[in-house]
1. Is there a residue in the range 60-70 that is at pLDDT 90 or above and not in a helix (DSSP H, G or I)?
2. Could you list all residues from the range 169-191 that are assigned to a loop (DSSP other than H, G, I, E, B) and over 17 Å from residue 135 (Cα atoms)?
3. For the range 14-35, enumerate the residues that are loosely packed, with under 14 Cβ neighbours inside 10 Å and within 24 Å of residue 57 (Cβ to Cβ).
4. Does the range 37-47 contain any residue that is closer than 30 Å to residue 166 by Cα, in a helix (DSSP H, G or I), touching a helix residue (DSSP H, G or I) at 6+ places or on another chain (Cβ under 9 Å) and modelled with pLDDT of 90 or more?
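The values are calculated or read from the model by the stated rules, or taken from the named source; none is laboratory data. The model shown is predicted, which means the values in this text are computed figures rather than measured ones. Cβ sites come from the backbone with ideal geometry, for glycine too, and all protein chains shown count toward neighbours.
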C-alpha cells in the first residue's frame, strides 16, 4: 500500500494546476470535480496547506457517523499517524486525498491495508492487544451493539481469532487475511 502522493519539494497545493489534478486523478481515481471539492474543504480548515492533528477532526467529522464522533480523538490520532507518511507532523493536501481514498474505498484489500495502518499506531508492523483495545474502546458504542461484549473482552477475542502464529500480536498478513475472509472482521474494522 505505497503512498504515491508525496509532495514535490516546496509544493503546498494552495492552487491546483493541471499536473497536480492529473497526478491526483491517477493515484486516487477521484474525478476532477471531487478533487476540487476536497481541495476547497481542505483549505477551508487549513490556510497554509499544513493540516495539524488538532484540525483533523473538523475534516473527518463529515465522514464519521454521529455515534463514533464522541470518542474520535484516539481514532483521529490513529488515522493521522497512518496518513502522515513523511512524519513531518502535518498532513498535506495529497496525504488528505490518500486518506479519503482509503476511507471511501470499496476495495476490501485497500480497506484492510489502511485499517491495519490505523490500528498499528507505532508503525512496527505488529498490532498489540492494547492497540486493538484502544481503537475498539473509541468505537465502543458501535461494538457493544454489534457483539454484545465490552471492548476489552472483544479485543481479546479478535486477537485470539486473528493471531494465527500465537505470537500475541497481529501481523499485517494475519490482519488482512482475517479481514478478507471474515465478514464480522470487515464490519468491525470499517470506518
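1. no
2. Residue satisfying the conditions is 182 alone.
3. 14
4. no
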